[in-house]
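One structure is given below, encoded as structure tokens.
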Amino acid sequence: MAMHQYFIGLMSGTSTDGVDGVVCKISSPEDLEFLGHAYIPFNDSLRERILKLNTPSFDEINSMHLVGMELIKAYEKCVQKLLTEHNLQAEQIRAIGAHGQTVRHNPKIGLTLQINNPALLAEKTHIDVVSDFRNADIAAGGEGAPLVPAFHKHFFKSRIPVAVLNLGGFANISVIEENSVVGFDIGPCNALMDLWIQMHKGQCFDKEGKWGGSGHCHNGLLNKLYTHPFFSLLPPKSTGRDDFNIYWLNENLTNFKDLEPVDIMATLRELTVHSILECTEKLDSSIKTIYVCGGGVFNKALMDGLNQNADRQFISVEEMGINPMTVEALAFAWLAYLNVNRISLDLREITRAQRPKILGSLYPY
């Protein structure tokens with residue numbers, strides 16, 4: 001039996017609410033044991049500064065560096081919390097997998113950018129850090145995202161054939177069959193809904209989807225939003241705030257100025273539901289259940305919308321005993337394991353990369 005190694009995974013996604021961290025034991029790519037989870041929320045100032053960096057602005061290089069320094073403070077706090085709660089010492093952790101905070105993603109021009117300072121994180125935690133997971137894939141002709149479907153193939157192997165849906169800032173899906181795994185982004189999810197409720201209610205997110213659930217979808221606006229060219233692209237494909245942002249939304253609202261904000265919120269939710277259902281109705285009939293992770297799991301109106309209109313069942317991974325907020329962080333702990341053990345990953349069916357690659361860059365302590 002292979003000797004296990006301890007790894008920490010850190011993920012701060014496009015929802016920009018905070019950092020989720022996990023600690024796990026990994027003996028092989030197929031043998032991962034989850035040990036614990038920690039969450040550190042971003043304060044309003046950091047969240048606002050991150051969101052501002054998603055669009056060009058004055059002195060953004062200096063701003064990005066300063067935001068990176070603040071981000072590392074949150075990452076370090078998350079790591080220390082995991083170590084303390086699980087009675088672990090820094091020297092017991094083989095590496096931290098830290099994805100960083102995405103502020104640009106435009107694979108059409110070979111650009112992906114995540115705010116991070118892995119050398120500083122290594123110095124602060126006394127642990128080796130693996131980061132910059134996307135650029136090796138882009139160099140090999142891939143989109144750089146999504147990367148998590150490759151992890152889903154191993155993590156959900158006992159349930160093959162299966163589909164795994166992540167409802168984060170953007171929705172993405174992994175479709176795993178006996179001899180293949182494909183994965184791609186579907187479209188916006190929490191990213192637009194969170195921005196909208198913050199603008200109109202001063203809240204970071206719509207708790208349980210109650211506000212949006214009290215509104216009514218406007219079909220004219222829904223159809224207008226769905227004309228975005230991303231929805232008609234064939235996978236593999238990936239997206240982000242470069243494509244779907246408040247400027248795009250406001251432009252599409254020009255002819256809908258009389259709509260109540262709550263009805264626009266309901267329409268944004270239905271945009272997510274509609275795009276997901278259009279994708280999942282094309283799945284093989286052998287896939288009866290779609291397991292759901294990410295923060296959108298807790299949006300009851302969103303989950304109800306998926307289940308009321310689908311032939312398949314959308315079920316939270318919580319019913320499998322898995323915290324929905326841990327799956328992506330686990331994926332980056334696993335990717336760190338692959339990096340330090342020099343194991344390449346074949347993403348040709350997921351990102352269009354031309355060949356298997358070892359993903360990430362190692363920053364030793």
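Only Lys, Arg, Asp and Glu count, each charged at its Cβ (+1, +1, -1, -1), so figure out the dipole size of the chain about its Cα centre, rounded to 20 debye.
Numbers: 32 positive and 41 negative charges, 80 e Å.
Dipole magnitude for the chain comes out near 380 debye.
When the accessible area of the chain is split by element with a 1.4 Å probe, what percent falls to carbon and sulfur?
On the way: 7840 of 16050 Å².
That fraction is 49 percent.
Which distance in Å, rounded to a whole number, links the C-alpha centroids of segment 308-365 and segment 32-74?
Their Cα centres are 21 Å away from one another.
Taking the 0 to 90 degree range and rounding to the nearest ten, how far is the long axis of helix 261-280 tilted relative to the main principal axis of the chain, both from C-alpha atoms?
Approximately 60 degrees, to the nearest 10.
Within segment 152-320, what percent of beta bridges assigned by DSSP are antiparallel, to the nearest 5?
Numbers: 14 of 22 bridges.
Percent antiparallel among DSSP bridges in segment 152-320 is about 65.
Any chance you could give the angle, 0 to 90 degrees and rounded to 10, that helix 60-85 forms with the longest Cα principal axis of the chain?
Here the helix axis deviates by roughly 60 degrees.
Just the number please: accessible area per residue for the chain, 1.4 Å probe, all protein chains included, in Å².
Details: 16050 Å² over 365 residues.
Counting only protein heavy atoms, the per-residue value for the chain is 44 Å².
Using a 1.4 angstrom probe on the protein heavy atoms only, could you order CYS217, CYS24 from most to least accessible area?
Values: CYS217 45, CYS24 0 Å².
Accessible-area ranking of CYS217, CYS24, largest first: CYS217, CYS24.
How many percent of DSSP beta bridges within the chain run antiparallel, rounded to 5? Don't skip to the answer; put the middle values down first.
Numbers: 40 of 55 bridges.
Beta bridges within the chain, antiparallel portion: roughly 75 percent.
Are there chymotrypsin sites (Phe, Trp or Tyr not before Pro) in segment 1-110 that DSSP puts in a loop and that have at most 13 other Cβ atoms within 10 Å, and which ones? Walk me through the numbers before you get to the answer.
Details: sites: TYR6, PHE7, PHE34, TYR39, PHE42, PHE58, TYR75; in loops: PHE42, PHE58.
Of the chymotrypsin sites (Phe, Trp or Tyr not before Pro), the ones in loops of segment 1-110 whose Cβ has at most 13 other Cβ atoms within 10 Å are PHE58.
Answer with one residue from GLN198, VAL23, TYR247: the one whose Cα lies farthest towards the positive end of the charge dipole of the chain, charges on Cβ with Lys, Arg +1 and Asp, Glu -1.
The residue sitting farthest along the positive end of the dipole is VAL23.
Using alpha carbons only, how many degrees (0 to 90, rounded to 10) separate the axis of helix 327-340 from the longest principal axis of the chain?
Roughly 40 degrees between the two axes.
Given H placed on each backbone N at 1.01 Å, which residues far from GLY100 in sequence or on other chains put an amide H within less than 5 Å of it?
Under 5 Å from the amide H of GLY100 lie the amide H atoms of SER12, each far enough along the sequence or on another chain.
The values are calculated or read from the model by the stated rules, or taken from the named source; none is laboratory data. Predicted model, so just to flag it, every value in this text is computed and none were measured. All Cβ positions, glycine included, derive from the backbone under ideal geometry; neighbour counts span all protein chains shown. Note: accessible area is taken over every heavy atom of the protein model, side chains too, but ligands, DNA and RNA are not part of it. Shrake-Rupley method; radii C 1.70, N 1.55, O 1.52, S 1.80 Å.
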